[in-house]
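The values are calculated or read from the model by the stated rules, or taken from the named source; none is laboratory data. In this text the structure is predicted, and so the values were computed from the model without any measurement. With ideal geometry, Cβ positions are generated from the backbone for all residues, glycine too; neighbour counts draw on all protein chains shown. Heavy atoms of the whole protein, side chains included, go into the accessibility calculation; ligands, DNA and RNA do not. Shrake-Rupley method; radii C 1.70, N 1.55, O 1.52, S 1.80 Å.
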Amino acid sequence: MGAVKVLGACPLDCPDACSWVVTVEDGVATGLRGNKEHPVTRGALCVKVNRYLEQVGAPNRLRYPLRRTGPKGSGRFERISWDEALDEIATRLTGIIDEYGAEAIWPFHGTGSLGYLQGLEGYPGRRMFNVLGASHHAATICSVAGSAGLSYTLGTSGGMDPEDFAKSKLILLWGTNPLTSGHHLWKFVQDSGAYLVAIDPVRTKTAERCDEHLAPLPGTDAALALGLLHVVVSLGAEDTEFIAEHTEGWPEFRERIMEFTPERVAAITGLECEQIVALGERIAGTRPTAIRASQGMQRHAGGGMALRVLGCLPGVTGDWAIPGGGLHYSTSGHFELDLPALVRDDLLPHPVRTLSMTRLGEALLDVDDPPVQALFVIGANPVGSNPDQRRVIEGLSREDLFTVVLEHFATDTVDYADIVLPATMQPEHLDVIAGYGHLYLVWNEPAVEPPGECLSTTETFRRLSRRLGLTEPALYESDEELARQLLKGHDLDRLRADGFLKVQPGPVPAGKLQFVSPRAQFAGHDPLPTYTPPADPGDGLVLISAASHYFLNTTFGANPELRRRAGETRITLHPDDAAARGIADGAPVSVVNARGSFEAIAEVSDRVRPGVAGTTKGRWAKDSGGATVNATIAERDADFGGGAVFHDNRVEVVPR
Ligand SMILES: Nc1nc2c(c(=O)[nH]1)N[C@H]1C(S)=C(S)[C@@H](COP(=O)(O)OP(=O)(O)OC[C@H]3O[C@@H](n4cnc5c(=O)[nH]c(N)nc54)[C@H](O)[C@@H]3O)O[C@H]1N2
Ligand SMILES: Nc1nc2c(c(=O)[nH]1)N[C@H]1C(S)=C(S)[C@@H](COP(=O)(O)OP(=O)(O)OC[C@H]3O[C@@H](n4cnc5c(=O)[nH]c(N)nc54)[C@H](O)[C@@H]3O)O[C@H]1N2
Ligand code: SF4
Ligand SMILES: [Mo]
């Protein structure tokens with residue numbers, strides 16, 4: 001039999017949601033490449049996913065259900081059958097529901113897959129958990145603060161069509177590193193020929209390719225944006241027509257802007273006054289100006305407010321009305337899919353509490369109304385990715401906690417599981433993906449049979465529902481039925497045949513742009529956009545732990561080749577900060593604060609600005625001496641939506 005090509009979609013938590021083509025020979029996936037037809041993928045995947053088939057066929061992939069045999073954390077397991085695993089889970093859940101009520105169960109969904117059927121976007125298993133009345137999960141770890149902030153301003157978090165960057169004349173790459181964290185945008189940026197400005201405390205791969213780089217102190221972006229607007233308004237360059245027709249609250253916001261003089265903003269941001277004035281003048285005189293801001297810059301105490309202010313900027317210049325102008329943060333808000341039909345919250349017997357993903361340590365150790373007694377970890381690796389690693393591990397070590405982990409690999413979190421269930425990978429199951437960096441739905445057709453006894457997440461919960469004796473018919477619908485319900489109004493058959501389908505973005509702003517936001521005021525925030533300073537106390541260095549070029553969160557953290565390329569854990573210090581601590585380039589150091597510590601090798605370089613240290617996320621604790629950067633990060637909420645504050649983190653660096 002000849003080779004067959006099957007269209008699929010990269011499931012990973014990356015804005016680009018690539019469309020891919022799997023080559024299958026004799027039932028085996030022998031090739032994987034980007035789909036040349038997809039206008040954003042353009043035939044290319046990335047350094048990580050070029051190795052995806054290596055992951056799919058990895059010898060250490062989990063292939064059978066496992067039961068813990070050693071103490072929690074020891075990683076000692078025995079192979080059991082699916083029948084044994086489902087029986088044990090059903091018995092434990094029934095006991096917990098009898099004793100504590102079903103809200104003691106927490107289905108903890110991570111970003112391992114963004115699939116609507118198998119991954120985060122559709123909360124697989126939610127129908128079953130709803131029938132039981134389990135706690136709901138809020139996926140707060142990634143982007144929620146920024147989305148909430150933009151929505152206050154724009155009425156939607158979905159901004160520009162990223163393909164329109166090709167039409168821009170000035171592009172501000174603001175707190176974003178697309179050459180590492182979603183490189184397909186770069187083609188449109190390059191096609192534009194625009195003047196490129198990077199705004200990032202770190203001189204990243206992206207910043208190196210820009211015409212200009214501003215390195216503000218972390219968490220001060222809202223002040224910078226207000227200062228740039230001060231320059232625009234002082235020049236009389238605001239778009240009075242756009243403001244009159246499409247915005248609300250301009251006189252009040254104008255007053256707020258005038259409080260942020262370039263001198264004051266220079267003191268807050270650590271930038272030179274001249275840099276702020278020059279960029280403000282450039283913005284005043286360049287139409288269309290586009291902003292790409294991504295999740296990095298909102299991992300701060302004032303992260304939501306920062307995006308709220310950034311969304312106002314094109315409202316003052318009128319760029320929202322010009323193709324190639326505006327702001328792109330996440331396109332998720334533009335996909336009108338029938339999520340309620342998929343997750344079926346109408347099946348809940350009564351309202352339930354919602355637990356926040358970023359507060360796992362607290363929920364496991366401090367909450368008792370009821371306590372969390374059963375945790376299902378689905379596509380997540382909280383030991384590696386969550387804040388406050390020490391407390392997360394302490395919580396997962398509770399002997400009375402029943403933990404089920406659905407996984408592909410024996411991660412740090414798997415080591416704390418009572419039962420491990422082997423999950424299918426993307427070429428082995430059906431799914432629908434929507435990117436957050438473009439406007440295409442992408443179809444993923446199963447290409448090969450799963451290895452061993454791996455089951456898709458949807459099938460796992462169908463079987464568990466049966467084992468629990470649940471009779472609700474919605475629990476037993478097939479993946480294809482689920483896809484049809486989700487895609488109501490879209491042409492599923494065309495999507496399936498072509499592999500992708502572009503959706504129409506909704507209007508931005510949706511309604512009038514609100515400089516003054518009654519909704520924000522109602523939620524207890526300043527009705528006007530403002531600057532909210534960083535919150536982590538102490539006077540050490542601000543540690544940014546951004547995306548690694550070679551890992552995707554902790555996925556690939558154990559891939560031998562990508563680990564080799566990533567090298568050892570490094571922490572980058574400015575020469576002045578290194579000298580003040582007696583630290584030389586290449587020295588082994590400990591990075592410490594009140595929450596915890598981890599070990600790294602010092603890299604002395606002016607790639608970071610003074611006062612800032614840089615490292616990357618994605619390491620596995622068990623391969624890093626038991627702790628990673630996440631041991632130093634606080635379980636504290638950002639201003640809006642309960643977002644995480646990974647980059648609002650003060651540390652000290654000491655020689656080892
Ligand atoms: N290779 C790779 N790609 C990824 C990921 C990965 O782990 N590896 N992760 C994926 C995920 S989950 C997400 S959410 C996205 C995130 O993608 P990004 O938004 O790009 O996330 P980060 O790398 O955290 O931050 C981007 C940049 O913001 C800068 N930054 C941090 N704090 C501030 C600040 O206060 N102000 C300003 N102006 N800049 C700041 C950082 O130095 C960094 O260079 O990427 C996705 N893509
Ligand atoms: N220090 C620091 N920490 C951070 C961040 C940061 O900037 N700095 N960024 C944060 C961000 S933006 C995010 S999104 C979070 C991500 O945190 P998590 O959501 O925990 O993501 P991962 O660590 O990649 O873990 C995902 C796991 O899912 C598994 N998986 C993949 N696909 C499937 C599937 O189909 N089924 C099942 N059952 N499992 C699957 C993978 O093997 C992997 O182990 O990390 C956060 N952590
Ligand atoms: S991780 Fe991002 S760039 Fe890489 S293949 Fe997946 S969607 Fe594309
Ligand atoms: Mo994320």
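Residue under question is Asp191, and the condition is that it be in contact (Cβ under 8 Å) with a residue 12 or more places away in the chain, open to solvent by 30 Å² or more (accessible area, probe 1.4 Å) and farther than 28 Å from Thr424 by Cβ; does it hold?
yes
Give the residue that is surrounded by the fewest Cβ atoms within 10 Å (Cβ to Cβ), with candidates limited to residues of segment 512-522 that are touching a residue at least 12 places away in the same chain (Cβ under 8 Å) and farther than 15 Å from Trp250 by Cα.
Looking at the filtered set, the residue picked out is Arg519.
Residues being more than 9 Å from ligand 1 (Cβ to nearest atom) and basic (Lys, Arg): count how many of those fall in segment 288-335.
Qualifying residue count, segment 288-335: 2.
For segment 41-48, state whether one or more residues are in contact with a helix residue (DSSP H, G or I) (Cβ under 7 Å, 6 or more places away or on another chain), more than 16 Å from ligand 2 (Cβ to nearest atom) and in a loop (DSSP other than H, G, I, E, B). Walk me through it before giving the result.
Looking only at segment 41-48, we keep the residues that are in contact with a helix residue (DSSP H, G or I) (Cβ under 7 Å, 6 or more places away or on another chain), and these are 42, 48.
From what is left, the residues that are more than 16 Å from ligand 2 (Cβ to nearest atom) are 42.
Those left that are additionally in a loop (DSSP other than H, G, I, E, B): 42.
Looking through segment 41-48, at least one residue is in contact with a helix residue (DSSP H, G or I) (Cβ under 7 Å, 6 or more places away or on another chain), more than 16 Å from ligand 2 (Cβ to nearest atom) and in a loop (DSSP other than H, G, I, E, B).
For segment 141-166, what are the residues that are within 15 Å of ligand 2 (Cβ to nearest atom) and out of contact with any Asp or Glu (no Cβ under 8 Å at 6 or more places or on another chain)?
Ile141, Ser143, Val144, Gly146, Ser147
So if I check each of Val28, Val21, Val40, Val56, which one is open to solvent by 40 Å² or more (accessible area, probe 1.4 Å) and aliphatic (A, V, I, L, M)?
After applying the criteria, what remains is Val28.
Take the conditions modelled with pLDDT under 95 and open to solvent by 10 Å² or more (accessible area, probe 1.4 Å) and apply them to Glu362. Does it pass?
Spelling it out, it is not the case that Glu362 is modelled with pLDDT under 95 and open to solvent by 10 Å² or more (accessible area, probe 1.4 Å).
What's the total number of residues in segment 298-333 that are in contact with a strand residue (DSSP E or B) (Cβ under 8 Å, 6 or more places away or on another chain), away from ligand 3 (no atom under 16 Å from the Cβ) and open to solvent by 10 Å² or more (accessible area, probe 1.4 Å)?
Residues in segment 298-333 being in contact with a strand residue (DSSP E or B) (Cβ under 8 Å, 6 or more places away or on another chain), away from ligand 3 (no atom under 16 Å from the Cβ) and open to solvent by 10 Å² or more (accessible area, probe 1.4 Å): 2 in total.
Given the criterion open to solvent by 10 Å² or more (accessible area, probe 1.4 Å), touching a Cys at 6+ places or on another chain (Cβ under 6 Å), assigned to a helix (DSSP H, G or I) and in the same structural domain as His300 (by TED's automatic domain parsing), identify the matching residue among Ala284, Ala266. Reasoning before the result, please.
Values: Ala284 fails: touching a Cys at 6+ places or on another chain (Cβ under 6 Å).
None of the other options fit; the residue is Ala266.
Across segment 1-40, what is the number of residues that are under 14 Å from Ala434 (Cβ atoms) and away from ligand 2 (no atom under 16 Å from the Cβ)?
If we filter segment 1-40 for residues that are under 14 Å from Ala434 (Cβ atoms), which is where we start, we get 9-19, 38, 40.
Within this subset, residues satisfying the condition of being away from ligand 2 (no atom under 16 Å from the Cβ) are 19, 38, 40.
Here the count works out to 3.
Suppose we filter Leu401, Leu355, Leu396 for residues that are in contact (Cβ under 8 Å) with a residue 40 or more places away in the chain, more than 16 Å from ligand 1 (Cβ to nearest atom) and within 20 Å of Thr69 (Cα to Cα); which single one remains?
On inspection, the qualifying residue turns out to be Leu396.
Sort out which residues of segment 563-580 are open to solvent by 60 Å² or more (accessible area, probe 1.4 Å) and either of a type in the set (Gly, Ala, Ser) or in contact with a strand residue (DSSP E or B) (Cβ under 9 Å, 6 or more places away or on another chain) (or both), and write them in order of number.
Glu568, Arg570, Ala579, Ala580
Within segment 382-393, can you find the residues that are open to solvent by 10 Å² or more (accessible area, probe 1.4 Å) and either farther than 27 Å from Ala546 by Cβ or within 6 Å of ligand 2 (Cβ to nearest atom) (or both)?
Our first condition is that a residue be open to solvent by 10 Å² or more (accessible area, probe 1.4 Å); within segment 382-393, this holds for 385, 388, 390-391, 393.
Selection gives Ser385 alone.
Under the condition of being open to solvent by less than 20 Å² (accessible area, probe 1.4 Å) and under 18 Å from Leu464 (Cβ atoms), which residue from segment 128-142 is nearest to ligand 4 (Cβ to nearest atom)?
By that ranking, first place goes to His137.
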